[in-house]
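Enquirer: Have a look at the structure that comes next, please.
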Amino acid sequence: MGVKLGILGLGTVGTGTVQLLQDKGFRHPLLQEVEIYRVGVRSLDKPRAVTLPESVLTTDLEAIVIDPAVDIVVEVMGGLEPARSLILKAIQNGKHVVTANKAVISRFGDEIFTAANQAGVYVMLEAAVGGGIPVIQPLKQSLSVNRIHTVTGIINGTTNYILTRMQTEGSNFSDVLADAQRLGYAEADPTADVDGLDAADKIAILASLAFGGRIKLKDVYSEGIRQVSKTDIAYAEKLGFVIKLLAIAQSAAPLAAIANRTTPSSPLISVRVHPTLVPKAHPLASINGVNNAILVEGEPIGQVMFFGPGAGAGATASAVSSDILNLVAALKKSKTALNQLLACAHQDYCQIVPMAELVTRFYARFLTKDQPGVIGKLGTCFGNHGVSLESVVQTGFQGELAEIVVVTHDVQEGDFRQALTEIQTLTAVDSIPSLLRVL
Ligand code: NAP
Ligand code: HSE
């Protein structure tokens, strides 16, 4: 028997998730267990990018969360109400929940997780922070033994997209915001993105996981990017910085010591969102466009950075579906001996492409006699084997020998090797000291 999903919402994220779940080939075998049982929307007349049986779509979302047949409720409708009440009702009815809704979790996480713990169900929220980037599960599991010092993130795709285009193209704020909305990055009300409120929701969630305590959203300081002008971006550039909207959660223990505070019984942290001048050499300075990145610093791990697309249908669907899979594995575990996500699920061997069939660019350095026509001979040998050259330069001499560097276009490695074999027979060629692949 399959695991039945009740999905609330079929907008950017809901559609991406349904598309992913309908296209199961060469994905994790556990996806075969998933059945899209009901999908709740506001309007049945809207054209949809996915095809679902008529009986699946409904406007009665309440009926979904109380339906005894539904195992997992996937809340991707957004907003505070009725999303909060539907999540709570789903929990009361014994459903596990997957949500992408950072606004609800950052405000009502206390109520929701308390109810979930009482009901013995899970609430999963990988998509709520960082779009497609796995950061919630790594903080909850893989990094959980660390003492975290700082979490610094670019965690709003819309504002990073806007700042990047203002910086690289000198674009106008409102034009770029309209593009971000068209691409499905922005919230229904983009004020939440632009004024730093979405990033505040997300850093509250990350801080809670990293520092092991609940966070009141009103304690998170937040400034948005409205006051960042093209002039500031240009001055920052001249000074060696880029301007990024950073969300920072930091252990304030060293500050407490300076302020002569007594050692607190629970973690003392600073949590804030504001535009920040970031030195160009900092790992977060090169995170551009809709991409997000979260730099976690702790002990004993040191620095770990998570990077990837922070918004958009496919990226967010990846995170939502990974949560669904985690729950399916947990549900199935009671029927089999092992959790299939923790155990090795592979039985068959992959087919590996032989290196001779690899298509890549090459860099090669030749030492040759300093004779007329050597470059032409090299070119002829490459041409004989269909190897097209991007550049050929004679870079200088090593003793008596001329040094020639060649970069190819994309070629089959086997063809390139055959050309080299022919080149090695040329009397003008002394040696090939370097051979490297180019990305
Ligand atoms: P969206 O495109 O606006 O879609 C919302 C969907 O929910 C629509 O299908 C809408 O139905 C349905 N819906 C909303 N209110 C409803 C109501 N009261 N009753 C019935 N149906 C209702 O939103 P989205 O961009 O997919 O975002 C969904 C959630 O994911 C939000 O919490 C957002 O913060 C989060 N998120 C979004 C992204 C992203 O890149 N977009 C990334 C990460 C997280 P109709 O289609 O009939 O209007
Ligand atoms: N509006 C959000 C952003 C969506 O731009 O990052 C992803 O949470």
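Enquirer: Give the shape of the range 159-271 as rounded, prolate or oblate, defined through the alpha-carbon gyration tensor: a ≥ b ≥ c are the square roots of its eigenvalues, a/c under 1.5 means rounded, and otherwise the shape is prolate if a/b is larger than b/c and oblate if not.
Expert: oblate
Enquirer: Scale the Cα Rg of the chain by the rule-of-thumb value 2.2 N^0.38 Å and send over the ratio, two decimals.
Expert: Numbers: Rg = 27.4 Å, N = 439, 2.2 N^0.38 = 22.2 Å.
Normalised Cα radius of gyration, the chain: 1.23.
Enquirer: Taking the Cα atoms only, what angle lies between the long axis of helix 374-384 and the longest principal axis of the chain, rounded to 10 degrees?
Expert: Once rounded, one gets 60 degrees.
Enquirer: What is the calculated FRET efficiency for THR150 to ILE66, with r their C-beta to C-beta distance and R₀ = 30 Å, to the nearest 0.05?
Expert: 0.10
Enquirer: Between LEU52 and LEU439, what is the label-to-label distance in nm when each label sits 7 Å out along the Cα-to-Cβ direction?
Expert: The modelled label-to-label distance comes out at 4.0 nm.
Enquirer: Taking only C-alpha pairs under 8 Å that are 6+ residues apart, what is the relative contact order of the chain in percent?
Expert: Relative contact order here is 15 percent.
Enquirer: Ignoring any ligand, DNA or RNA, what whole percent of the accessible area of the chain comes from carbon and sulfur when the probe is 1.4 angstrom? Mind dumping the intermediate values first?
Expert: On the way: 11740 of 21890 Å².
The computed percentage sits at 54.
Enquirer: What ³J(HN,Hα) values, in whole Hz, does the Karplus curve 6.51 cos²θ - 1.76 cosθ + 1.60 give for the range 188-195 when θ = phi - 60°, with x put for Gly and Pro?
Expert: Per-residue couplings from phi come out as 3, 10, x, 4, 4, 6, 5, 8 Hz.
Enquirer: Sort the following peptides by mean Cβ neighbour count (other Cβ atoms within 10 Å, averaged over residues), highest first: 199-206, 265-272. Walk me through the numbers before you get to the answer.
Expert: On the way: 199-206: 27.8, 265-272: 15.9.
Those peptides, ordered most packed to least, come out 199-206, 265-272.
Enquirer: Hey, what did the range 167-256 get for relative contact order, percent, Cα under 8 Å, at least 6 apart?
Expert: 27
Enquirer: Suppose the chain between ASP45 and HIS28 were pulled fully straight at 0.36 nm per residue; how much longer would it get relative to their current alpha carbon spacing? Spell out each step's value before the answer.
Expert: Numbers: separation 17, 0.36 × 17 = 6.12 nm, distance 3.34 nm.
Once the chain is fully extended between ASP45 and HIS28, it gains 2.8 nm.
Enquirer: Can you list the HN-Hα couplings for the range 54-66, worked out from phi with the Karplus curve (6.51, -1.76, 1.60; θ = phi - 60°), rounded to whole Hz and with x for Gly and Pro?
Expert: 4, 5, 7, 7, 8, 9, 9, 6, 4, 4, 5, 6, 9
Enquirer: While we're looking at this one, here's another question. Take the Cα pairs of the range 358-438, get the Kirkwood Rh, then feed it into Stokes-Einstein at 25 °C and 0.890 mPa s and tell me D in µm²/s.
Expert: 197
Enquirer: DSSP loop trypsin sites (Lys or Arg not before Pro) in the range 302-349 with at most 13 other Cβ atoms within 10 Å of their Cβ, which ones?
Expert: Listed in order of number, the matching sites are LYS335.
Enquirer: Next up: Compare the peptides 412-419, 312-319 by average per-residue count of other Cβ atoms within 10 angstrom and give them in order, highest first.
Expert: Per-residue Cβ counts within 10 Å, averaged per peptide and sorted highest first, yield 312-319, 412-419.
Enquirer: Once a ≥ b ≥ c are taken as the square roots of the eigenvalues of the Cα gyration tensor of the range 123-192, is the result rounded (a/c under 1.5), prolate (a/b larger than b/c) or oblate (a/b not larger than b/c)?
Expert: It is prolate, given that a/c is not under 1.5 and a/b is the larger ratio.
Enquirer: How large is the accessible surface per residue of the chain, computed with a 1.4 Å probe and reported in Å² as a whole number?
Expert: Heavy-atom SASA per residue in the chain reads 50 Å².
Enquirer: Still on this structure, I have one more. Taking Cα pairs under 8 Å and at least six residues apart, what relative contact order does the range 358-438 come out at, in percent?
Expert: This gives 49 percent for the range 358-438.
Enquirer: Calculate, for SER391 and CYS344, the FRET efficiency according to 1/(1 + (r/R0)^6) with r their C-beta to C-beta distance and R0 35 Å; round to the nearest 0.05. Intermediate values should be presented prior to the final figure.
Expert: Details: r = 46 Å, r/R0 = 1.31.
About 0.15, to the nearest 0.05.
Enquirer: Would you mind getting me the FRET efficiency between MET355 and SER85? Use the beta-carbon distance for r and R0 = 60 Å, nearest 0.05.
Expert: Numbers: r = 58 Å, r/R0 = 0.96.
It comes out at approximately 0.55.
Enquirer: Just add up the charged neighbours of LYS238: K/R +1, D/E -1, any other residue whose Cβ is under 14 Å from the Cβ of LYS238. List each step's numbers first, then the result.
Expert: Working: positive: LYS230, LYS280; negative: ASP232, GLU237.
Value of the local net charge: 0.
Enquirer: Another question, if that's okay. According to the square roots a ≥ b ≥ c of the eigenvalues of the Cα gyration tensor, what is the shape class of the range 310-355, taking rounded for a/c under 1.5, prolate for a/b larger than b/c otherwise, and oblate for the remainder?
Expert: Taking the square roots of the gyration eigenvalues as a ≥ b ≥ c, the range 310-355 is oblate.
Enquirer: How big is the range 294-393 in terms of Cα radius of gyration and Dmax, in angstroms?
Expert: My reading of the Cα-based Rg and Dmax gives 25.8, 77 Å.
Enquirer: Rounded to whole Hz and in sequence order, give me ³J(HN,Hα) for the range 9-20 from the Karplus expression 6.51 cos²θ - 1.76 cosθ + 1.60, θ = phi - 60°, writing x for Gly and Pro.
Expert: Values, residue by residue: x, 9, x, 4, 6, x, 5, x, 5, 4, 4, 5 Hz.
Enquirer: Going by accessible area, probe 1.4 Å, with all protein chains left in place, what is the ranking of MET166, MET1, largest first?
Expert: Working: MET166 15, MET1 185 Å².
Descending accessible area places them as MET1, MET166.
Enquirer: Around GLN250, what is the net charge, scoring Lys/Arg as +1 and Asp/Glu as -1 over all other residues with Cβ under 12 Å from its Cβ? Write down the numbers at each step before the final one.
Expert: Working: positive: ARG272; negative: GLU297.
That sum, taken over residues with Cβ under 12 Å, equals 0.
The values are calculated or read from the model by the stated rules, or taken from the named source; none is laboratory data. Keep in mind that this is a model prediction, so the values were computed, not measured. So basically every Cβ, Gly included, is an ideal-geometry build from the backbone, and we count neighbours across all protein chains shown. Surface areas here come from the heavy atoms of the whole protein model, side chains and all, with no ligands, DNA or RNA. Shrake-Rupley method; radii C 1.70, N 1.55, O 1.52, S 1.80 Å.
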